[in-house]
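Structure record follows, encoded as structure tokens.
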Amino acid sequence: LRARRKIDAGAATPNSELRRFFVRRLFRLWPLYFASLLAAYAQHLDGTQTNIWWHLLFATNHYVFHYQEWPGLLSHFWTLAVEQQFYFVWPFAILLLAWPALPRLFAFLLVAGPATRAVLLGFGFSQPEYVYVLLPCCFDFFALGGIVAWRCQPGRHGQIARRGLLRAVILGLFVWLVLGGVLRTTGHVPRYWV
């Protein structure tokens, strides 16, 4: 969003800001990611029986979804894969969509994430513990981050923490977690509770 403001002010171009974004992301994650992956395979750690290409191509989440199993100690790489896939799409949306379209995009993504998970569960394409590993299934989480960033922009409506909507969301999440805990401890967890 800061890059978008710089472009709108004529202080930068979309190409230069996209280049900066991708270079920053590359140096932030890739060195440690590939070093730890190669070290795990060199040591034959649990989970390295999977084809290394799944992980090298940031497709661990697709491995998990396709095989409906976790690849041992490399299981957490699914989140890094989703993050990288998100980074290939998100900057273009932020830089190319009109400002008034961004809140509509966030609203769409808030609905699309749970809807995608519901479809995958409802039609039996996934088990509950694997349904959230694909990028479209995580859209609502990215949208929530986008909404917070959008609301915290200069010239917006002040501090988000003072807004009644944020309090309602926090209360709703708390109730949701308590309900989940009660259902889990009493053994009454519905099949579709994810």
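The values are calculated or read from the model by the stated rules, or taken from the named source; none is laboratory data. None of the values given here were measured: they were computed from a predicted structure. Every residue, glycine among them, receives a Cβ derived from its backbone with ideal geometry; neighbour counts consider all protein chains shown. Surface areas here come from the heavy atoms of the whole protein model, side chains and all, with no ligands, DNA or RNA. Shrake-Rupley method; radii C 1.70, N 1.55, O 1.52, S 1.80 Å.
All of (1) in a helix (DSSP H, G or I); (2) open to solvent by less than 40 Å² (accessible area, probe 1.4 Å); (3) touching a residue at least 12 places away in the same chain (Cβ under 8 Å) hold for S16 with one exception: (3).
Would you tally the residues in the range 77-97 being among the β-branched types (V, I, T) and surrounded by fewer than 17 Cβ atoms within 10 Å (Cβ to Cβ)?
Just the residues of the range 77-97 that are among the β-branched types (V, I, T), to begin with: 79, 82, 89, 94.
From what's left, surrounded by fewer than 17 Cβ atoms within 10 Å (Cβ to Cβ): 79, 89.
Number satisfying all stated conditions: 2.
Select, from L144, L120, L109, L105, the only residue that is in contact with an Asp or Glu (Cβ under 7 Å, 6 or more places away or on another chain), in a helix (DSSP H, G or I) and modelled with pLDDT of 90 or more. Sole residue among the options that is in contact with an Asp or Glu (Cβ under 7 Å, 6 or more places away or on another chain), in a helix (DSSP H, G or I) and modelled with pLDDT of 90 or more: L109. For the range 45-89, name all the residues that are polar (S, T, N, Q) and either part of a loop (DSSP other than H, G, I, E, B) or in contact with a Lys or Arg (Cβ under 6 Å, 6 or more places away or on another chain) (or both). Passing the criteria: T48, Q49, T50, N51, Q68, S75.
Tallying residues that are under 22 Å from L134 (Cβ atoms) and either in contact (Cβ under 8 Å) with a residue 60 or more places away in the chain or open to solvent by 60 Å² or more (accessible area, probe 1.4 Å) (or both) within the range 31-57 yields 4.
Filtering the range 76-102 down to residues that are modelled with pLDDT of 90 or more and of a type outside the set (A, V, I, L, M, F, W, C), which residue is nearest to R2 (Cα to Cα)? Restricting to residues being modelled with pLDDT of 90 or more and of a type outside the set (A, V, I, L, M, F, W, C), the top hit is P91.
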